[in-house]
Amino acid sequence: MPIHKVGVVGCGLMGSGIAHVVAQSGFEVVVREVTPELLDKGLKSIEKSLQRMVEKGSLTDVERDHTRSRLKGTTGLNDLKDADLIIEAIIEQLPDKKALYMELDKLCPKTTIFASNTSSLSITEMATFTGRPDRFVGLHFFNPVPIMKLVEVIRTIATDPAVYAEVVEFSTRLGKTPVRTSDRTGFIVNRLLVPYLLDAIRALEEGVGSIEDIDNSMKLGCGHPMGPLTLLDFVGLDTTYYIANIMFEEYREKRYAPPPLLRKMVQAGFFGKKSGRGFYDYSGPEPKVADLGL
Ligand SMILES: NC(=O)c1ccc[n+]([C@@H]2O[C@H](COP(=O)([O-])OP(=O)(O)OC[C@H]3O[C@@H](n4cnc5c(N)ncnc54)[C@H](O)[C@@H]3O)[C@@H](O)[C@H]2O)c1
């Protein structure tokens with residue numbers, strides 16, 4: 001069955017970007033958040049991102065208006081029941097995802113495909129919360145979704161090959177480059193990226209360099225577009241902390257263990273850019289290096 005209508009669950013950092021890109025690519029989209037306030041925040045960030053594209057000349061006024069007209073927000077899960085594909089991008093907590101999938105499974109016809117944007121949880125395990133493991137895949141986008149070209153498409157041992165092929169094809173219709181990968185925690189990108197980010201925090205903890213020096217080293221010495229501590233602020237320190245814990249639990253390797261400084265920053269509510277404070281302070285017009293008392 002071809003994909004026409006797409007449901008997106010969660011309109012945070014990733015869900016808002018996914019809803020934007022899917023609507024811009026010509027699909028009908030319904031995006032669900034838990035409260036009207038969070039929905040409003042997510043829809044406003046989509047509006048801002050569309051406006052930025054118009055100002056830069058990468059989207060016309062007409063394309064922006066068409067994108068808007070294909071995109072609806074809701075707080076009711078019921079509005080997603082006739083979607084052909086549901087992309088889940090809620091917080092990285094298995095109990096929340098489990099409750100959601102069990103509800104969605106009751107609500108949606110057997111033909112609906114479920115795709116999780118999880119960074120580190122097991123797609124196979126989530127598929128077992130539903131009666132459709134053959135129609136369950138991982139669809140892992142990157143932040144910011146409208147800009148980053150990659151999407152990892154994850155197949156489990158239970159995924160129907162025809163469903164997998166359909167989701168790969170859907171990803172190319174979004175203008176993304178899909179890579180095929182299997183259900184191993186962290187997939188390809190986070191398996192390589194997470195130990196690098198955690199090592200940057202350990203280097204800071206051990207006094208190897210300052211926040212600025214660590215970031216500048218990787219930017220100017222390795223040609224990375226941003227340093228690891230800036231990247232952590234963009235990804236979200238809370239999200240990175242959840243991911244690191246899940247990867248450590250899975251592999252029991254020291255390189256995935258979250259460093260104490262990361263845990264303390266998350267406990268203090270320093271989640272990075274989205275909370276206004278992480279390794280940098282975002283309260284002024286320009287980010288400033290944060291005083292972490294190190
Ligand atoms: N942050 C990243 O760079 C990144 C990259 C790729 C994948 N991911 C994955 O994407 C998912 C979302 O991450 P994020 O960074 O967007 O987090 P986020 O905290 O910015 O957004 C999550 C949103 O989900 C909402 N939510 C929670 N339960 C819900 C429910 N039952 N129904 C609808 N909405 C619900 C929350 O209110 C919140 O707004 C996670 O699984 C994460 O691992 C994150």
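Here are the numbers for this structure:
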read-out	value
Residue satisfying all of: in region 128-149; in contact with a Lys or Arg (Cβ under 7 Å, 6 or more places away or on another chain) and not charged (D, E, K, R); farthest from Gly175 (Cα to Cα) among these	Phe129
Hits in region 183-215 (condition: touching a strand residue (DSSP E or B) at 6+ places or on another chain (Cβ under 8 Å), assigned to a loop (DSSP other than H, G, I, E, B) and within 20 Å of Phe142 (Cα to Cα))	Asp183, Phe187, Ile188
Pro95 at pLDDT 95 or above and part of a loop (DSSP other than H, G, I, E, B)	no
From the options Lys106, Lys72, residue that is basic (Lys, Arg) and touching a strand residue (DSSP E or B) at 6+ places or on another chain (Cβ under 9 Å)	Lys72
Qualifying residues in region 1-37 (those that are at pLDDT below 95 and assigned to a loop (DSSP other than H, G, I, E, B)) - the one nearest to Gly73 (Cα to Cα)	Pro2
Filtered residue count, region 156-167, keeping only those that are touching a Lys or Arg at 6+ places or on another chain (Cβ under 7 Å) and either buried (at least 20 other Cβ atoms within 10 Å of the Cβ) or part of a helix (DSSP H, G or I) (or both)	2
First in region 83-106 and polar (S, T, N, Q), second anywhere and in a helix (DSSP H, G or I), Cβ under 9 Å, 6 or more apart	Gln93/Tyr242
Pick from region 32-64, criterion under 14 Å from Gly12 (Cα atoms) and among the polar types (S, T, N, Q), ranking: farthest from the ligand (Cβ to nearest atom)	Ser49
Residue in region 203-215 that is of a type in the set (S, T, N, Q) and surrounded by 19 or more Cβ atoms within 10 Å (Cβ to Cβ) present	no
Residue match in region 123-139 (condition: within 16 Å of the ligand (Cβ to nearest atom), modelled with pLDDT under 95 and either exposed (fewer than 14 other Cβ atoms within 10 Å of the Cβ) or not hydroxyl-bearing (Ser, Thr, Tyr) (or both))	no
Residue in region 216-236 that is outside any helix (DSSP H, G or I), over 29 Å from Ala89 (Cα atoms) and of a type outside the set (Val, Ile, Thr) present	yes
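The values are calculated or read from the model by the stated rules, or taken from the named source; none is laboratory data. What you see is a predicted model; the values in this text were computed from it and never measured. Neighbour counts run over all protein chains shown; Cβ positions are idealised from the backbone, glycine included.
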